[in-house]
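Below you'll find the structure, written out as structure tokens, and then a few comments.
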Amino acid sequence: MLKVEDVHITFEAGTPIEKHALQGVSLSLEQGDYVTIIGGNGAGKSTFLNTTAGTLFPTMGKITVDGVDVTYMPEYKRARYFGRVFQNPRAGTATDMFIEENLALAYRRGKRRSMFRWHISSKERSFFRERLATLGLGLENRLTDKVGLLSGGQRQALSLLMATLIEPRVLLLDEHTAALDPKTAIIVLELTNKLVQEHNLTTLMVTHNMRDALTHGNRIMMMHKGRIILDVKGEEKANLTVADLMKMFETASGEEMLSDRMLLT
Amino acid sequence: MAVLQFISSNSAIIQGAVSLGLIFSIMSIGVFITFRVLQMPDLTVEGSLLLGAAMTARLISQDVNPFAATLAAILVGCAAGFASGFLHTMFKIPSILAGILTMVSSYSIAIRIMGTSNIPLLPRRVVSIFTFLQELEGMERAYAVLIVSFAVVLIVCCLVYCFMGTEFGSALRATGNNQQMVRAQGINTNIMIIACLMLSNGLVGLAGSILAQYQGFASVDMGAGTIVYGLAALIIAEVLFPVRRFWTRLISIVIGSIIYRLVIAYALSVDFMPSTDLRLVTATLVAFALVLPLIREKIVKMFKKLYKRGAA
């Protein structure tokens, strides 16, 4: 499974604006773990996820998936292990292409793309229709609509489906509901839970929302200034409240939690 | 009226314009592939048109089979595309600059290929991809040119359509849309960009080759303005035929290219403008078409403001 060992990353090293964004992050996931990661702005949550996915490379440390060292493996190569959904609904799909074309692209994640095979088969088309129907958004009748015509919530739902179409070893969700309105965010989160449970996916979900972090998953982590300062799982996690979390944050970091966004949500 | 008169009394000019339109439409499809599909303006085309023409002229003047000479032009175009793609992806040189570098160096390379700054191919004596039809059917050269270019355009459209529909082509189209997503789907975007530039410039090299055989010479100033002419045809196509299916878009580009050549032929023959103004007029047309969406938006905003004021 995913194992991260003492990962450091420094941006703009050797300049006045140098930022030590990850300061020794370690983590070991077990099969079926559903981890929520919270933390304020600049805590390193997204940086950590991007380092895992290969968008960024660490300055130190080691990342392995099923024992395979992927620390410096290019992003496109390690995509075979990871399904990803981004915060920006535009980021996860090709907007000028049809829904079915996007799904067909995702259905070949980690495989060679042939110059002599058509990008989609009729068998795949009916499979995609079936999978889209499970979203309950009526997308199954819009296979040849361009993704650009979809709303943000619909796109995130499609991105989720694309990320799980081929079962990933780890599903990486980078605040994938943050850009949605509250009602849509709930729908997408429910869908996330459904897909994760259906396939028993190992999942890392970054979120700004403490309540979401508490109600979802079996394990919660809190990041602060590039470190994981809290890692609670199982029974103990299930009994946590927002007030507990805030208290734990204060003792762990020695600071008061000031982020309004975290308090209010 | 004047136009009708022009048509009836200038059939040779029209025939020539249609031939040129067909030949240049291959180039426009190449420009379309980079500019619209990959969404990356590529100036390499200026060089690859010249390289294609130079390669073909040199080989044909040395009695190489014209079809082999045409194939060589495609390959040299691909090589130019590879050079730009390599500079852009491996060394992170901005795509425009990478294209300019290849374009500038292809001037020297073309002279190396030709050994001189221009090679005349007297069309009536030297064989070309048109002559087999002339010999076979005893056809007039102008008709042979039309038929052969039309056939080539048809083949190019079919091949490009099929290629873009494959798994690889689909990944390529997505790369133009959203590179981040494409990488997350396990696709090497660098390979896609290089492949796209090679395909595009191979087509432009083919256009250069046929052009040289059509006009009966190759010279080092042939490539200049290629991208603007290509874009002009593309934009005429998009304005006149706002279609969305891929194959209809390809066909619309061919028609756009022919219309562009017809309009130019008309404007030149009625002394509307001297031929030296052609580049200025075309560039203005393209610039205007590119700012059109912005102007449209501004006008809509202005009307909304006026409407609000009127309502209050």
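The values are calculated or read from the model by the stated rules, or taken from the named source; none is laboratory data. Keep in mind the model is a prediction, meaning the values are calculated, not measured. Every residue, glycine as well, gets a Cβ built from its backbone with ideal geometry; the counts of neighbours run over all protein chains shown.
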When the range A:52-79 is examined, which residues are found to be touching a Gly at 6+ places or on another chain (Cβ under 9 Å) and within 14 Å of chain B (Cβ to nearest Cβ)? A:Val70, A:Met73, A:Pro74, A:Glu75, A:Tyr76, A:Lys77, A:Arg78, A:Ala79
Output yes when any residue across the range A:54-68 is in a strand (DSSP E or B), of a type outside the set (Lys, Arg) and within 15 Å of the chain's Cα centre (by Cα), and no when none is. no
Log entry, pairs with first residue in the range A:144-159 being over 11 Å from A:Gly92 (Cβ atoms) and touching a residue at least 40 places away in the same chain (Cβ under 8 Å), second being surrounded by 14 or more Cβ atoms within 10 Å (Cβ to Cβ) and among the aromatic types (Phe, Trp, Tyr), beta carbons closer than 9 Å, six or more apart or on different chains, reads A:Thr144/A:Phe98; A:Asp145/A:Phe98; A:Lys146/A:Phe98
Return the only residue of B:Gly176, B:Gly205 being in contact (Cβ under 8 Å) with a residue 40 or more places away in the chain and within 9 Å of chain A (Cβ to nearest Cβ). B:Gly176
If a residue has to be surrounded by 24 or more Cβ atoms within 10 Å (Cβ to Cβ) and assigned to a loop (DSSP other than H, G, I, E, B) to count, how many in the range B:39-76 make the cut? 1
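For (1) over 23 Å from B:Leu133 (Cα atoms); (2) β-branched (Val, Ile, Thr), each residue gets a yes or a no:
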residue: B:Ser11; (1), (2): no, no
residue: B:Val18; (1), (2): no, yes
residue: B:Met27; (1), (2): yes, no
residue: B:Leu51; (1), (2): yes, no
residue: B:Arg58; (1), (2): no, no
Please work out if A:Gly83 is touching a residue at least 40 places away in the same chain (Cβ under 8 Å), small (Gly, Ala, Ser) and under 18 Å from A:Leu189 (Cα atoms). yes
Those helices (runs of 4 or more DSSP H) completely within the range B:203-312 that have 2 or more residues that are outside the structural domain of B:Asp42 (by TED's automatic domain parsing) are B:278-311
Within the range A:174-200, which residues are in contact with a helix residue (DSSP H, G or I) (Cβ under 7 Å, 6 or more places away or on another chain) and not in a helix (DSSP H, G or I)? A:Asp174, A:His176, A:Thr177, A:Ala179, A:Leu180
Test A:Val65 against the criterion of being in contact with a strand residue (DSSP E or B) (Cβ under 6 Å, 6 or more places away or on another chain) and under 16 Å from A:Leu204 (Cα atoms), and give yes or no. yes
Pairs needed: first member in the range B:133-146, touching a residue at least 40 places away in the same chain (Cβ under 8 Å); second member anywhere, polar (S, T, N, Q); C-beta distance under 8 Å; at least 6 residues apart or different chains. B:Ala142/B:Gln15; B:Ala142/B:Ser19; B:Val145/B:Ser19; B:Leu146/B:Gln15; B:Leu146/B:Ser19
Checking B:Phe150 against (1) more than 14 Å from chain A (Cβ to nearest Cβ); (2) buried (at least 24 other Cβ atoms within 10 Å of the Cβ); (3) hydrophobic (A, V, I, L, M, F, W, C): exactly one of these is not met. Which one? (2)
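Can A:Leu165 be described as within 13 Å of chain B (Cβ to nearest Cβ) and free of Cβ contacts under 8 Å to residues at least 12 places away in the same chain?
On the way: within 13 Å of chain B (Cβ to nearest Cβ): yes; free of Cβ contacts under 8 Å to residues at least 12 places away in the same chain: no.
It is false that A:Leu165 is within 13 Å of chain B (Cβ to nearest Cβ) and free of Cβ contacts under 8 Å to residues at least 12 places away in the same chain.
Do we find that B:Val160 is β-branched (Val, Ile, Thr), assigned by TED's automatic domain parsing to the domain that holds B:Thr248 and in a helix (DSSP H, G or I) in this structure?
Details: β-branched (Val, Ile, Thr): yes; assigned by TED's automatic domain parsing to the domain that holds B:Thr248: yes; in a helix (DSSP H, G or I): yes.
Yes; evaluated as a whole, the condition is true for this residue.
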Hey, A:Gly83 in contact with a Leu (Cβ under 6 Å, 6 or more places away or on another chain) and either facing chain B (nearest Cβ under 7 Å) or buried (at least 24 other Cβ atoms within 10 Å of the Cβ) (or both) or not: yes
Filtering the range A:1-22 down to residues that are touching a residue at least 12 places away in the same chain (Cβ under 8 Å) and in contact with an Asp or Glu (Cβ under 7 Å, 6 or more places away or on another chain), which residue is nearest to A:Asn200 (Cα to Cα)? A:Met1
Enumerate the pairs (first residue in the range A:90-108 and more than 7 Å from chain B (Cβ to nearest Cβ) and in contact (Cβ under 8 Å) with a residue 60 or more places away in the chain; second residue anywhere and surrounded by 22 or more Cβ atoms within 10 Å (Cβ to Cβ) and of a type in the set (S, T, N, Q)) with beta-carbon separation below 6 Å, excluding pairs fewer than 6 apart on the same chain, so at least 6 apart or on different chains. A:Asn102/A:Thr93
Looking at A:Arg117, A:Arg112, A:Arg125, which is the one that is farther than 25 Å from A:Glu190 by Cβ, touching an Asp or Glu at 6+ places or on another chain (Cβ under 7 Å) and within 9 Å of another protein chain (Cβ to nearest Cβ)? A:Arg117
Does the range B:137-147 contain at least one residue that is surrounded by 16 or more Cβ atoms within 10 Å (Cβ to Cβ), within 14 Å of chain A (Cβ to nearest Cβ) and of a type outside the set (Phe, Trp, Tyr)? no
